[in-house]
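S.K.: Below are the structure tokens for one structure; questions will follow.
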Amino acid sequence: MKRCARNLYRIALAIMMAAGAAIMDSASGAIAHAASVEAEKKDGLRAVYAGAVEVAEGKRIAQATCVRCHGLDGISTTRGVPHLAGQRPAYLYLELKAYQSGARGKKVMDGAVEFLSDDALINVAAYYASLDPAQFATARGAKSVLVKPDPVQAGKAAAAVCAGCHGEDGISKIPGTPNLVALDPKYIVAAMKGYKSDQRKHDVMKAMLAALSETDMNNVALYYALQTPARAQTPTVGNREAGKTAAAVCAGCHGNQGVSTNPAAPNLAGQDAQYLVTALQAYKNGSRSDATMKGLVAALDDRVMKDMAAFYAAQPPQPLNVPRPLTTAEWAQKCDRCHGVNGNSVDPFLPAIAGQRVEYLRKVLRDYRTRVHQSSAMSAMSDALTEADIENLAAYYARQKARAVVFVPVPGK
Ligand code: HEC
Ligand code: HEC
Ligand code: HEC
Ligand code: HEC
């Protein structure tokens, strides 16, 4: 069972639209669904058949109480107010109960439902459920919705100018230019900021990064972190065996084979050898300021630096444990498991989200995340969403074609 409030679920009434009643004339092309009706019976729920009389009574209540915010057609023209037209009836009823009990905040609806009887709630839910759902293209007040680019794709696009030196996919072919694969995204971002702030003095890199925003830097770092690592395709320097011995003191932070055990210390495995020498020299001469590394390299001469570089450059770099963020389409597949194909729920207890107002979808998803709006199913789901995911999913569902659903009660076996 999907609902968290089990006791509420038990007393909840499944509101059925009387088959063939005039109120369902909007149902051309509607989805017929019977499975949930069966499920409700098992839970001891009672079906309430709302016919023309009940729906007319619901309309009267809507006219008296709800119309100034939700409109008589249930299609909202006000920011923050959701469309109700065609919403699933049992869901509407349960939300009205939640407002009445204060579980969804008392103030949002200005006390509109506070003194309504249970029958009134059923009727007004049935009325709004019977209406034609809003459509994105025709919905009044629908503004164009901005879609945020996928961070990995955006990172790839921003990294196009870097490929000339750092190589396609961050594998360098130029001695002195580092690999950007197999580096923790946090380290790459810190390195970029180091160039921008002159903590690392390098005019070329400073100029290259001048136009990148914080978001660009994060996206670029994520893009490189997700590429398949390989050793830099550059010549080596120094003596690898001698370097291995000398590098024993470095293993505590950079790992035995240059795969770091400490997120702040960069991976060195497979890095371009010439770049490693330059970096060590930079720590020593102060053009790259870092208190930890400065002390460690103070006593190293150029020959030892080259040997260490040869050792690390020869080690195989390892893939990072950085999850690839889900795309909006991948997320939507997860959401559709409960909310129906393209957000057209076929469960009377689960809200349809197709064609809903974009800013309402955003707000509600944030409300679940901050627990302003309590729902065990949605809180867990929304915890995993980033701000960009929320914007994209809201934009995606707001654009889906909303479809009416007919719930068909069938006799039990
Ligand atoms: C003062 C304006 C106002 C009035 C009057 C009002 N509502 Fe609402 N309604 C809202 C707002 C705003 C929200 C969104 C609240 C939120 O974000 O939780 C809402 C949410 C809802 C929801 C939840 C929808 C969803 O998708 O979860 C339902 C159901 C609802 N209203 C039904 C009604 C009914 C029925 C009436 C009349 C009895 C009514 N409202 C009167 C402003 C109003
Ligand atoms: C003209 C060649 C060139 C271009 C183009 C270039 N870089 Fe670099 N990059 C370098 C060189 C050379 C270094 C080594 C500088 C040093 O010694 O500190 C470097 C170093 C770096 C480092 C430090 C890596 C580490 O291990 O600390 C990062 C991160 C980086 N570049 C990112 C980028 C990004 C992102 C772009 C594209 C926006 C870019 N670079 C474009 C030449 C280039
Ligand atoms: C106490 C932990 C620690 C030890 C021990 C240590 N390092 Fe580091 N190393 C770091 C940190 C932290 C950084 C990143 C500093 C920065 O932001 O510039 C770093 C950076 C580096 C870099 C720059 C890599 C790049 O991609 O730009 C090289 C090269 C390096 N270390 C080599 C060594 C060598 C060789 C030794 C042994 C002599 C050593 N480190 C020992 C913590 C350590
Ligand atoms: C496990 C089932 C489940 C999954 C998966 C799920 N939801 Fe929900 N969703 C629910 C339930 C149950 C509710 C009603 C909760 C309540 O009563 O507040 C809901 C409510 C919502 C609402 C509020 C609708 C309204 O009209 O107020 C939105 C928006 C929403 N979900 C979006 C999503 C998105 C986007 C995803 C995918 C990231 C998703 N849901 C995944 C079960 C689910």
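The values are calculated or read from the model by the stated rules, or taken from the named source; none is laboratory data. These numbers were taken from a predicted model, which means no experiment stands behind them. Here the Cβ positions follow ideal geometry from the backbone for every residue, glycine too, while neighbour counts run over all protein chains shown.
S.K.: Any residue at all in the range 121-132 that is under 30 Å from Ser345 (Cβ atoms), assigned to a helix (DSSP H, G or I), out of contact with any His (no Cβ under 8 Å at 6 or more places or on another chain) and modelled with pLDDT under 90?
M.R.: First, pick out the residues of the range 121-132 that are under 30 Å from Ser345 (Cβ atoms): 121-132.
Next, from what is left, pick out any that are assigned to a helix (DSSP H, G or I): 121-129.
Adding the requirement that they be out of contact with any His (no Cβ under 8 Å at 6 or more places or on another chain) leaves 121-127, 129.
Add one more test, that the residue is modelled with pLDDT under 90, and what stays is none.
Looking for residues that are under 30 Å from Ser345 (Cβ atoms), assigned to a helix (DSSP H, G or I), out of contact with any His (no Cβ under 8 Å at 6 or more places or on another chain) and modelled with pLDDT under 90, one finds none in the range 121-132, hence no.
S.K.: Just need a number here: residues in the range 216-254 that are part of a loop (DSSP other than H, G, I, E, B), closer than 19 Å to Pro178 by Cα and of a type outside the set (D, E, K, R). Write out each step before concluding.
M.R.: Taking the range 216-254 first, the residues part of a loop (DSSP other than H, G, I, E, B) are 226-239.
Applying the additional criterion that residues be closer than 19 Å to Pro178 by Cα yields 226-238.
Filter once more, so that each one left must be of a type outside the set (D, E, K, R): 226-230, 232-238.
Number satisfying all stated conditions: 12.
S.K.: Looking only at the range 93-137, count every residue that is more than 17 Å from Gly74 (Cβ to Cβ) and in contact with a strand residue (DSSP E or B) (Cβ under 8 Å, 6 or more places away or on another chain) and tell me the total.
M.R.: Residues meeting the conditions: 0.
S.K.: With the condition kept exactly as written, say whether any residue in the range 290-301 is of a type outside the set (Gly, Ala, Ser) and within 22 Å of Arg231 (Cα to Cα). Let's see the steps before the verdict.
M.R.: First, pick out the residues of the range 290-301 that are of a type outside the set (Gly, Ala, Ser): 290, 292-294, 296-297, 300-301.
Okay, now just the ones that are also within 22 Å of Arg231 (Cα to Cα), so none.
So far as the range 290-301 goes, no, none of its residues is of a type outside the set (Gly, Ala, Ser) and within 22 Å of Arg231 (Cα to Cα).
S.K.: Next question. Those residues that are more than 8 Å from ligand 4 (Cβ to nearest atom) and in contact (Cβ under 8 Å) with a residue 60 or more places away in the chain, I need them from the range 377-395; list them, please.
M.R.: Thr386, Ala388, Glu391, Asn392, Ala395
S.K.: Can you find a residue that is more than 21 Å from Gly176 (Cα to Cα) and in contact (Cβ under 8 Å) with a residue 24 or more places away in the chain anywhere in the range 262-282?
M.R.: yes
Condition check ((1) more than 16 Å from ligand 1 (Cβ to nearest atom); (2) farther than 30 Å from Asn267 by Cα) across all residues:
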residue: Thr327; (1), (2): yes, no
residue: Gln333; (1), (2): yes, yes
residue: Pro351; (1), (2): no, yes
residue: Ala354; (1), (2): no, yes
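S.K.: Being within 24 Å of Phe407 (Cβ to Cβ), outside any loop (DSSP other than H, G, I, E, B) and either in the same structural domain as Pro89 (by TED's automatic domain parsing) or among the acidic types (Asp, Glu) (or both) is true for just one of Ala388, Ala352, Ala377. Which residue is that?
M.R.: Details: Ala388 fails: within 24 Å of Phe407 (Cβ to Cβ); Ala352 fails: outside any loop (DSSP other than H, G, I, E, B).
The conditions single out Ala377.
S.K.: Oh, and also: Does the range 272-286 hold any residues that are surrounded by 15 or more Cβ atoms within 10 Å (Cβ to Cβ) and more than 6 Å from ligand 3 (Cβ to nearest atom), and which are they?
M.R.: Quick first cut of the range 272-286, residues surrounded by 15 or more Cβ atoms within 10 Å (Cβ to Cβ) only: 272-284.
Answer for the range 272-286, where residues must be surrounded by 15 or more Cβ atoms within 10 Å (Cβ to Cβ) and more than 6 Å from ligand 3 (Cβ to nearest atom): Asp272, Ala273, Gln274, Tyr275, Val277, Thr278, Gln281, Ala282, Tyr283, Lys284.
S.K.: Just a yes or no: is a residue in the range 109-120 modelled with pLDDT under 90 and β-branched (Val, Ile, Thr)?
M.R.: No - not one qualifying residue is present in the range 109-120.
S.K.: What is the number of the single condition among (1) of a type outside the set (A, V, I, L, M); (2) on the phi < 0 side of the Ramachandran plot; (3) within 16 Å of ligand 3 (Cβ to nearest atom); (4) under 30 Å from the mean Cα position of the chain (by Cα) that Lys156 does not meet?
M.R.: Of everything listed in (1) of a type outside the set (A, V, I, L, M); (2) on the phi < 0 side of the Ramachandran plot; (3) within 16 Å of ligand 3 (Cβ to nearest atom); (4) under 30 Å from the mean Cα position of the chain (by Cα), Lys156 misses just condition (3).
S.K.: Separate question: Pick out the one residue from Leu209, Leu180 that is touching a residue at least 12 places away in the same chain (Cβ under 8 Å), of a type in the set (A, V, I, L, M) and within 19 Å of Asn267 (Cα to Cα). Explain how you work it out, then say what you get.
M.R.: Numbers: Leu209 fails: within 19 Å of Asn267 (Cα to Cα).
Result of the check over Leu209, Leu180: Leu180.
S.K.: Shifting gears a bit: Among the residues of the range 101-117 satisfying the criterion of being touching a Phe, Trp or Tyr at 6+ places or on another chain (Cβ under 9 Å) and more than 15 Å from His70 (Cα to Cα), which is nearest to ligand 3 (Cβ to nearest atom)?
M.R.: Of everything passing the filter in the range 101-117, Gly105 is nearest to ligand 3 (Cβ to nearest atom).
S.K.: Take Gly164 and tell me if it is of a type outside the set (Ser, Thr, Tyr) and modelled with pLDDT of 95 or more.
M.R.: Values: of a type outside the set (Ser, Thr, Tyr): yes; modelled with pLDDT of 95 or more: yes.
The answer is yes for Gly164.
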